[in-house]
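The values are calculated or read from the model by the stated rules, or taken from the named source; none is laboratory data. Just so you know, these numbers come straight off a predicted model, no measurement behind them. So basically every Cβ, Gly included, is an ideal-geometry build from the backbone, and we count neighbours across all protein chains shown. Ligands, DNA and RNA are excluded from the accessible area calculation, which covers all protein heavy atoms including side chains. Shrake-Rupley method; radii C 1.70, N 1.55, O 1.52, S 1.80 Å.
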Amino acid sequence: LRFFEGINGARRHAHGIIIQPSTISAPEDFIHHAFTRSEGGSVIVGEAYQEFLRYCQMGNLTRVEFTEFKRVAKELVLEKFQLGLRHDIRTPEGRQTHGWKHIRLLLEPNLQANEAA
């Protein structure tokens, strides 16, 4: 799982691009690039995970299971935005679920942090 991560990680070749090993995990990278502060905004953990999977596919990154993503996201959102994971975010259907208020997801997180020419 961590073959391409860390200081001793292997380089990857994807679509003619050499990708250097990442010193941070794919969920950490995604959260740092995909979340932004937005008063009145909200992010549902499940929706963030679906965007994370798309982000991994686009960047040829290692995916993690939902529970691992949620654990990392909970820690990093608290650290970066000082926002705790809530249990009262409303889905479009009106159900309560886990997520954060006062942040939002960017539509196209920057993948360039992982790519090197």
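Mind checking which pairs have a first residue in the range 86-109 that is under 18 Å from Lys70 (Cα atoms) and a second that is aromatic (Phe, Trp, Tyr) and part of a strand (DSSP E or B), Cβ under 7 Å, 6 or more apart or different chains?
Qualifying pairs under 7 Å: Arg86/Trp100; Ile103/Phe35; Leu105/Phe35.
For Thr67, state whether it is modelled with pLDDT of 90 or more, open to solvent by 80 Å² or more (accessible area, probe 1.4 Å) and of a type outside the set (A, V, I, L, M, F, W, C). Spell out the reasoning first.
Values: modelled with pLDDT of 90 or more: yes; open to solvent by 80 Å² or more (accessible area, probe 1.4 Å): yes; of a type outside the set (A, V, I, L, M, F, W, C): yes.
Considered against the rule, which asks whether it is modelled with pLDDT of 90 or more, open to solvent by 80 Å² or more (accessible area, probe 1.4 Å) and of a type outside the set (A, V, I, L, M, F, W, C), Thr67 comes out as yes.
How many residues are among the small types (Gly, Ala, Ser) and not in a strand (DSSP E or B) if we restrict to the range 24-68? Break it down stepwise before answering.
Taking the range 24-68 and keeping what is among the small types (Gly, Ala, Ser), we get 25-26, 34, 38, 40-42, 46, 48, 59.
Cutting the leftovers down to not in a strand (DSSP E or B) gives us 25-26, 34, 46, 48, 59.
Number satisfying all stated conditions: 6.
Residues to consider are Glu108, Glu28; find the one that is of a type in the set (Asp, Glu), at negative phi, at pLDDT below 95 and exposed (fewer than 14 other Cβ atoms within 10 Å of the Cβ).
On the way: Glu28 fails: exposed (fewer than 14 other Cβ atoms within 10 Å of the Cβ).
After applying the criteria, what remains is Glu108.
Can you pull out the residues in the range 88-97 that are in contact with a strand residue (DSSP E or B) (Cβ under 6 Å, 6 or more places away or on another chain) and either open to solvent by less than 100 Å² (accessible area, probe 1.4 Å) or at pLDDT below 95 (or both)?
Within the range 88-97, Asp88, Ile89, Thr91, Thr97 meet the criteria.
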